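Undergrad: Dropping a structure here in structure tokens format, bear with me for questions.
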Amino acid sequence: SFTTDIIRLMIPLNCALYLQTMINMKIVELPINEISKIKPLWELLNKTHYENSNNWKSHFAEQTFEKRFEKLKTDKNVLILAAIVDDNIIAYCFSVANDTSGEIASIFVGKEFRNQSLGKKLISKSIAWMKSKKIEKIVIGVAEGNEKVFPFYEGIGFKKSATVFKLQ
């Protein structure tokens, strides 16, 4: 039937696009002095937080990439992973490790590359890096207004442990 033919055409096209992306994609570790390469994606993340926030719009409006990452440039225990397709960074994961604790400090996957397990791959590599450093406690913070990501993090194994309120 006509509908069946359309479905048959759609599946290979979607699979071909997915396979093309995954074949050409590589995950690399960026040195800290190349952190500015993730700035465009971080700005999209900050914009998303601004748009989704009910209580902290002014914080996200004032936040800049330089403010967010300046103090981390000198930290020796930083991991910046970037997923690259055709020389374009399509996703990143920024992690920090201290004596016994670590944090997935920032992660973003471009909209057109979501739902392909890319975020999970980046976080899994970050967790492995932290565990290799004997990190016992790994956390990730979720901005107010971005609660829709809870199932994603729970699917990786994170469990909600606290809700923090701040005085404005």
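The values are calculated or read from the model by the stated rules, or taken from the named source; none is laboratory data. The structure presented is a predicted model; accordingly, all values stated were derived computationally and were not measured. Positions of Cβ are generated from backbone atoms using ideal geometry, with glycine treated the same way; all protein chains shown enter the neighbour counts. With ligands, DNA and RNA removed, areas are computed over all heavy atoms of the protein, side chains included. Shrake-Rupley method; radii C 1.70, N 1.55, O 1.52, S 1.80 Å.
Undergrad: For Lys137, which lysines qualify as cross-link partners when the Cα separation must be under 24 Å and same-chain residues fewer than eight apart are set aside?
TA: Straight-distance partners of Lys137: Lys71, Lys73, Lys76, Lys120, Lys121, Lys125, Lys148, Lys159, Lys160, Lys166.
Undergrad: Give me the 1.4 Å probe accessible area per residue for the chain, excluding ligands and nucleic acids, in Å².
TA: Solvent-accessible surface per residue comes out at 66 Å².
Undergrad: Sequence neighbours fewer than 8 away in the same chain don't count; with that in mind, list the aspartates and glutamates whose C-alpha is under 20 Å from Lys131.
TA: Counting by Cα, and skipping residues close in sequence, Lys131 has these aspartates and glutamates nearby: Glu29, Asp75, Asp99, Glu103, Glu154.
Undergrad: Show me 34-41, 150-157 ranked by packing, highest mean number of other Cβ atoms within 10 Å first.
TA: Going by the mean number of other Cβ atoms within 10 Å, highest first, we get 34-41, 150-157.
Undergrad: Further, regarding this structure: What distance in nm separates the simple spin-label points at Lys133 and Glu43, each placed 7 Å from Cα in the Cβ direction?
TA: Once both label points are built, they end up 2.8 nm from each other.
Undergrad: Mind giving me the FRET efficiency for Phe150 and Lys111? R0 is 22 Å, r the Cβ-Cβ distance, nearest 0.05 is fine.
TA: Working from the Cβ atoms, E equals 0.70.
Undergrad: Evaluate the distance, in nm, between pseudo-label points positioned 7 Å from the Cα of Asp86 and of Ser124 along their respective Cα→Cβ axes.
TA: The modelled label-to-label distance comes out at 2.6 nm.
Undergrad: Here's something else I'd like to know. If ligands, DNA and RNA are left out, what is the accessible area of Lys26 with a 1.4 Å probe, given in Å² to the nearest 10?
TA: 110 Å²
Undergrad: Of the listed values [x] 1.11; [y] 1.17; [z] 1.00, grab the one calculated as Cα Rg over 2.2 N^0.38 Å from the structure here.
TA: Evaluating Cα Rg over 2.2 N^0.38 Å on these atoms matches [y].
Undergrad: Here's something else I'd like to know. Roughly how many percent of the accessible protein surface of the chain is carbon and sulfur, given a 1.4 Å probe and a whole-percent answer?
TA: It is 54 percent, rounded to a whole number.
Undergrad: As a test of reading the structure, rank Val164, Val149, Val139 by solvent-accessible area (1.4 Å probe, protein chains only), most first.
TA: If we order Val164, Val149, Val139 from most to least accessible, we get Val164, Val139, Val149.
Undergrad: In a shell of Cβ-Cβ distance under 13 Å around Asp87, excluding Asp87 itself, what net charge do Lys and Arg (+1) and Asp and Glu (-1) give?
TA: Value of the local net charge: +1.
Undergrad: Over the chain, what is the percentage of antiparallel beta bridges among all DSSP beta bridges, to the nearest 5?
TA: If we restrict to bridges inside the chain, about 85 percent are antiparallel.
Undergrad: Another question, if that's okay. Sort the following peptides by mean Cβ neighbour count (other Cβ atoms within 10 Å, averaged over residues), highest first: 124-134, 97-107, 53-63.
TA: In decreasing order of mean packing, 124-134, 97-107, 53-63 become 97-107, 124-134, 53-63.
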